[in-house]
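The values are calculated or read from the model by the stated rules, or taken from the named source; none is laboratory data. Everything numeric in this text was worked out from a predicted model, so none of it was measured. Heads up, the Cβs are rebuilt from the backbone with ideal geometry, glycines too, and the neighbour counts pull from every protein chain shown. Heavy atoms of the whole protein, side chains included, go into the accessibility calculation; ligands, DNA and RNA do not. Shrake-Rupley method; radii C 1.70, N 1.55, O 1.52, S 1.80 Å.
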Amino acid sequence: MSLPNELVDFGKATVGAVFFFSNLVLWKQGGYFDVDADLKPLLHLWSLAVEEQFYLGFPLVMLIGLRIRRRILTFSLWALLLSSLLLMFALHVDTPRASFYLLPTRAWEILVGAVVALGEQRRQSSGRNPSRSQVLPAIGLITILSSALLLDQTTRFPGAATLFPVLGTALVLSGDGSRSWVSNLLNWRPLQVIGLASFSIYLWHQPLLVFGRLLSADYLSGAKRDGIVLLTLIIGVTSWHFVEKPFRSSARARTPIVLLAVTVASLLVSAAAVVFVREGGFIDRLPPSLAAHYEKPNRELVCRDQSQEWIDEGLLRSCAFGDLTGTRTVFLVGDSHADALLPFLNQEFKRPHTRGVRASLSGCSEIPGSYSQGEVPQDLTACEIAHKQLREAIRRSRAATVVSVRWNVRLFPSPGEIDRLEATNSEGGHEVEDYREYVIANSKGSGTGADVKRLALLQLFAGLLEASERLFIIGQVPEIAWKINRINFTFYRARGEEIDQLSIKRRDI
């Protein structure tokens, strides 16, 4: 069911899961809320790797602190907690994947539990506060429930939002277990069973969701998703009762036998995972056209990597393609949609003796002043200078200019015009991405309205039109919302043949 690249990633993640470094593997592969994350069956094991890495160092801190002085231990835990929290806030915007997956930026969440435990010991010796025992757990439960309802895949996580479920949990744990109405509620037997089986449920949920998506060509309807959630609860509770509980029983699980079994199983699983990686995901099981794609995955690379000759001129980077000695010049400006045109333009420009120049604005948006909300730089002049340098380079070359940008994303949101970005087609294709909201910021202020963004577009087009011999603007590219490789592979497995034609209805575009 898995495509070759998915099977290779699965093999790497499996080895990482066995030896508790899957968070490092997944950090390199992509983010938790990336589109491809929905098809990684071991994605959730990153948290176990973080915990195990934490448990390797935490006992040493405890031993040293207890040997010196109890106050030193408390101070050390708070210092580590605050350092980890501050590091998370320092990194979560510029390096969100590292902030999500790595121990230094997630340790504070576990350390909150350690601080609560120390506080609990101190309260036991000093006596209970009845009002505190009632109020704090109630606030904590409301905070947890609010987090579950309000946080979604568009929330920057980790970030400020992470504080709410963590602190809510800490408040619930801070109450008097025997007196709090929250504790009585959580002691309700059905909730107790779910709590006791939560680890098993957690282990099962991601694989079941992934295999459900694979069987459904990567799109789950609401009914199917609800069915998988119910199945996860049933299997999780069952495996807790028949697998987890016996292993926790010292009378049934003898340590030498368990260690031997775990060692052998780990080696066998790791060996199989290595085979997946070495064999490149077994390309020969694919339909012919798809196998050819994976055997020769790259079309002619043009201005894509460091092997290409990029030239830096101030804040402007450029790379030539097509006929490098051509007398006519065409600048190509834009984002990944412009990159998608490169192989075609490279071939076309060789025939009429045209020299192409792929221009990059050193991290600046092609649309003047366009920044992701919350990431507007303090110095707004650098990108303005980069745009000016681009226009001057075009003018010097007497060049034509082609502009291609994923306009709908760059202009999201424009209330009343671009309110949603999820590409969906009525035949079943579905796309969900972690889109960012963009603002237009300059020395006069910032805004998100359609008028502000329209003015930014007009500024871009007017500047390029004034500098260029001719200006070609590529409109919004229709988004098909199908994952072509996934659809074709699923169809091939079911019918033994490839899809002849795949399209979406015009009204969906």
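Would you mind telling me the share, in percent, of accessible area of the chain contributed by carbon and sulfur at probe 1.4 angstrom?
Exposed carbon and sulfur together represent 60 percent of the surface.
Once both labels are modelled 7 Å past Cα along the beta-carbon direction, what's the F247-A462 spacing in nm?
Spacing of the two 7 Å Cα→Cβ label points: 6.7 nm.
Could you pull out every residue, at least 5 positions away or on a different chain, whose amide H is within less than 5 Å of the one on E479? Hs are placed 1.01 Å off N in the peptide plane, and Pro or chain starts have none.
Long-range HN contacts for E479: none found.
Expressed as a rounded percentage, what relative contact order does the stretch 181-240 have, with Cα pairs under 8 Å and six or more residues apart?
Reported relative contact order: 48 percent.
Counting only C-alpha contacts under 8 Å and six or more residues apart, can you give the relative contact order of the chain as a whole percent?
14
At a temperature of 20 °C and a viscosity of 1.002 mPa s, determine how fast the stretch 302-390 diffuses translationally according to Stokes-Einstein, using the Kirkwood radius over alpha-carbon pairs as Rh; express D in µm²/s, rounded to the nearest whole number.
Reported coefficient: 153 µm²/s.
Could you state how much accessible area L102 has, in square angstrom rounded to the nearest 10, with a 1.4 Å probe and all protein chains kept in place?
Accessible area, nearest 10 Å²: 40 Å².
Solvent-accessible area per residue for the chain at a 1.4 Å probe radius, Å²?
Per-residue accessible area for the chain comes out at 57 Å².
Take the alpha carbon gyration tensor of the stretch 251-406, find the square roots of its eigenvalues, order them as a ≥ b ≥ c, and report rounded if a/c is under 1.5; if not, report prolate when a/b exceeds b/c, else oblate.
oblate
Mind listing the phi-derived Karplus ³J(HN,Hα) values for the stretch 501-509, rounded to whole Hz, using 6.51, -1.76 and 1.60 with θ = phi - 60°, and x for any glycine or proline?
8, 9, 8, 10, 6, 4, 5, 5, 4
Which order do E422, E366, E497, E479 take when ranked by solvent-accessible area (1.4 Å probe, heavy atoms of all protein chains), largest first?
E497, E422, E479, E366
Once Rh for the stretch 369-509 is found with the Kirkwood sum over Cα pairs, what is the Stokes-Einstein diffusion coefficient at 20 °C and 1.002 mPa s, in µm²/s?
Answer from the Stokes-Einstein relation: 119 µm²/s.
Using θ = phi - 60° and the Karplus relation 6.51 cos²θ - 1.76 cosθ + 1.60, list the HN-Hα couplings for the stretch 86-99 in order, rounded to whole Hz, with x at every Gly or Pro.
5, 5, 4, 5, 6, 10, 5, 8, 7, 10, x, 5, 4, 5
Among L87, I139, F276, whose Cα sits farthest toward the positive end of the charge dipole of the chain (+1 at Cβ of Lys/Arg, -1 at Cβ of Asp/Glu, about the Cα centre)?
Toward the positive end, the furthest listed residue is I139.
In terms of modelled amide H atoms, which long-range or inter-chain residues lie less than 5 Å from the amide H of R328?
Correct list: R355.
Using a 1.4 Å probe on the protein heavy atoms only, what accessible surface does T263 show? Give it in Å² to the nearest 10.
Accessible area of T263: about 70 Å².
Under 24 Å Cα-Cα from K453, which lysines qualify once same-chain neighbours fewer than 8 residues away are excluded?
K388, K444
Mind grabbing the accessible area of S362 for me, 1.4 Å probe, Å², rounded to tens?
60
Please list the non-local residues whose amide H lies under 5 Å from the amide H of F472, H modeled 1.01 Å from N, same-chain partners needing a gap of 5 or more.
Placed amide hydrogens put T401, V402, V403 under 5 Å from F472.
Could you list the residues of the stretch 98-124 with an amide nitrogen less than 20 Å from a label point located 7 Å from the Cα of I72 in the Cα-to-C-beta direction?
The answer is 115, 118-119.
Using θ = phi - 60° and the Karplus relation 6.51 cos²θ - 1.76 cosθ + 1.60, list the HN-Hα couplings for the stretch 14-26 in order, rounded to whole Hz, with x at every Gly or Pro.
Rounded to whole hertz, the list is 5, 4, x, 5, 5, 9, 6, 9, 5, 4, 5, 5, 5.
Need one word for the stretch 456-506: rounded, prolate or oblate. Basis is the Cα gyration tensor (sqrt eigenvalues a ≥ b ≥ c); a/c below 1.5 gives rounded, then a/b vs b/c decides.
In terms of gyration-tensor shape, prolate.
What per residue convex hull volume, in Å³, do the alpha-carbon atoms of the chain yield?
Considering the Cα atoms of the chain, their hull volume per residue is 220 Å³.
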